[in-house]
Amino acid sequence: MGPLLFQRLSRLSADSILGVMAKYRADSSPLKVDLGVGVYRDLSGNTPVLDCVRRAEREVLAAQTTKSYVAAAGREEFNGAVEELVLGSAHAARRGRRARTVQSPGGCGALRLGAELIRAAAPGVTVHISDPTWGNHTPLLGSSGLRLERYPYYDTAANQLRFEAMLERLERAADGDVVLIHACCHNPTGADLAPAQWQVLAELLVRRRLVPFLDLAYQGFAVDLDADAAGVRLIASQVPEALIAVSFSKNLGLYRERVGALIAISESEAGADASLSHVLQIARSIYSMPPDHGAAIAAHIFANPALKGEWLEELAAMRTRIADMRALLARQLREATGDGTFDFIRAQRGMFSLLGVSAQAVERLRDEHHIYMMSDSRMNLAGIMPDNVNYVAESIAAERFG
Ligand SMILES: Cc1ncc(COP(=O)(O)O)c(C=O)c1O
């Protein structure tokens, strides 16, 4: 007789972010600084429940009369409001009734739904992802059996975009391939396309018949809700087909409630209905129905002008804090190093930047200085506080050539 079923499995190594988190927790030094985990932190180091969420949650619970199922597509009013937030009220794809939106368990759920939809339509298609990209893109998209390839995106030595190399690579993609694009606040680099570059990219996608899969996980974290969706809106107004994975984990702080959506844009109304029918079948085959609680809170906030106003203020406060910490860290690094090597941190957007130092330097920062970041030197700027920024800057200055 052979081994039992689970005896055939060998233990997998821990996800690198989980490894960093475990080491941070085990470190008893009062100096320790967590720049690893990808969640927002306020000045007290907390990842707070937003006030607008607390209020909406109370109102939602008070009005709730049943816990019965909603639908595989989730809440209709949530889906409509998400489409408007992402595409704007008068977008051509919405006017032409070519967009269909399905509530998903977080942005990850939307990415996976999108990957399965692509596979249902064309299993041989390649998805081009940026080099570097968020670590979860590979398992989320690759596990559905799609082939993944990387396009150059960011030069970690020069700390800048590789836009020409990106275009050059995408020119050679096969007809009908998919291109995964970070809509704003690129994770892990913090480097986004400029408006003119979005336009050039849109023209290439149209001409080469490539399908954009836009990942919008940080709307409102760079400039504001509209400006951060400008690239998505521009591309979606020019291509016949697009997918958009939306997450409200960060901008509403609803991480564990799993609130997201997949928007699928097709070239015709009938095509949109066909895509929707597949997305719903895929959702039913994976998890049946999305969780409701977080989406009910989000929909209540989107529909209530006072709550929405409160949200916009809280979102602006999160954004300002991150921008302030970027400026402060860049200034302290200039002082500590005596040069402008790290000035790029100030102008980048969203929570992440790649420090651009070696894996050994990252290890020494962790082991000698108790400063924890990802091994590719991704740091979360929301882990910087006015009272640790000096220590972080001096430690980086001491180890940067390590
Ligand atoms: C680039 C990117 N896409 C999508 C997500 C989706 O996150 P969630 O599934 O928690 O909504 C994240 C979260 O870290 C992200 O960084």
Q) Of LEU354, LEU333, LEU381, LEU329, which residue is under 19 Å from the mean Cα position of the chain (by Cα), closer than 21 Å to LEU43 by Cα and touching a residue at least 40 places away in the same chain (Cβ under 8 Å)? A) LEU381
Q. Where residues in the range 229-248 are in a loop (DSSP other than H, G, I, E, B) and open to solvent by less than 10 Å² (accessible area, probe 1.4 Å), which of them is nearest to the ligand (Cβ to nearest atom)?
A. PHE248
(Q) Any residue at all in the range 106-114 that's hydrophobic (A, V, I, L, M, F, W, C) and open to solvent by 30 Å² or more (accessible area, probe 1.4 Å)? (A) yes
Q. Among all residue pairs at least 6 apart or on different chains, which show Cβ distances below 6 Å where the first residue, located in the range 182-208, is open to solvent by 20 Å² or more (accessible area, probe 1.4 Å) and the second is of a type in the set (D, E, K, R) and away from the ligand (no atom under 15 Å from the Cβ)?
A. none
Q. Can you spot a residue in the range 252-261 that is modelled with pLDDT of 95 or more, of a type in the set (Lys, Arg) and within 16 Å of the ligand (Cβ to nearest atom)?
A. yes
Q | Test set (1) open to solvent by 90 Å² or more (accessible area, probe 1.4 Å); (2) assigned to a loop (DSSP other than H, G, I, E, B) - VAL49 fails condition number | A | (1)
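So which residues in the range 135-165 are hydrophobic (A, V, I, L, M, F, W, C), open to solvent by less than 60 Å² (accessible area, probe 1.4 Å) and in contact (Cβ under 8 Å) with a residue 24 or more places away in the chain?
So the first thing to find is which residues in the range 135-165 are hydrophobic (A, V, I, L, M, F, W, C), and the list is 140-141, 146, 148, 157-158, 161, 163, 165.
With open to solvent by less than 60 Å² (accessible area, probe 1.4 Å) added as a condition, the list becomes 140-141, 146, 148, 158, 161, 163, 165.
If the condition is that a residue be hydrophobic (A, V, I, L, M, F, W, C), open to solvent by less than 60 Å² (accessible area, probe 1.4 Å) and in contact (Cβ under 8 Å) with a residue 24 or more places away in the chain, then LEU140, LEU141, LEU146, LEU161, PHE163 are the ones that fit.
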Q | Of all residues making up the range 86-105, the number that are within 15 Å of the ligand (Cβ to nearest atom) and either open to solvent by 10 Å² or more (accessible area, probe 1.4 Å) or out of contact with any helix residue (DSSP H, G or I) (no Cβ under 7 Å at 6 or more places or on another chain) (or both) | A | 1
Q) Can you name the condition, by its number, that VAL33 falls short on among (1) under 30 Å from VAL392 (Cβ atoms); (2) open to solvent by less than 30 Å² (accessible area, probe 1.4 Å); (3) within 16 Å of the ligand (Cβ to nearest atom); (4) among the aliphatic types (A, V, I, L, M)? A) (3)
Q.
Please go through the range 115-134 and give me each residue that is open to solvent by 10 Å² or more (accessible area, probe 1.4 Å) and either more than 16 Å from the ligand (Cβ to nearest atom) or within 25 Å of ASN79 (Cβ to Cβ) (or both), ordered by number.
A. GLU116, LEU117, ILE118, ARG119, ALA120, ALA121, ALA122, PRO123, GLY124, VAL125, TRP134
**Q.** For ASP226: the one exception among (1) among the charged types (D, E, K, R); (2) within 10 Å of the ligand (Cβ to nearest atom); (3) in a helix (DSSP H, G or I)
**A.** (2)
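The values are calculated or read from the model by the stated rules, or taken from the named source; none is laboratory data. Just so it is clear, the model here is predicted, and its values are computed rather than measured. Don't worry about glycine lacking a Cβ; one is built from the backbone with ideal geometry, like all the others, and counts go over all protein chains shown. Accessible surface areas use protein heavy atoms only, side chains included; no ligands, DNA or RNA. Shrake-Rupley method; radii C 1.70, N 1.55, O 1.52, S 1.80 Å.
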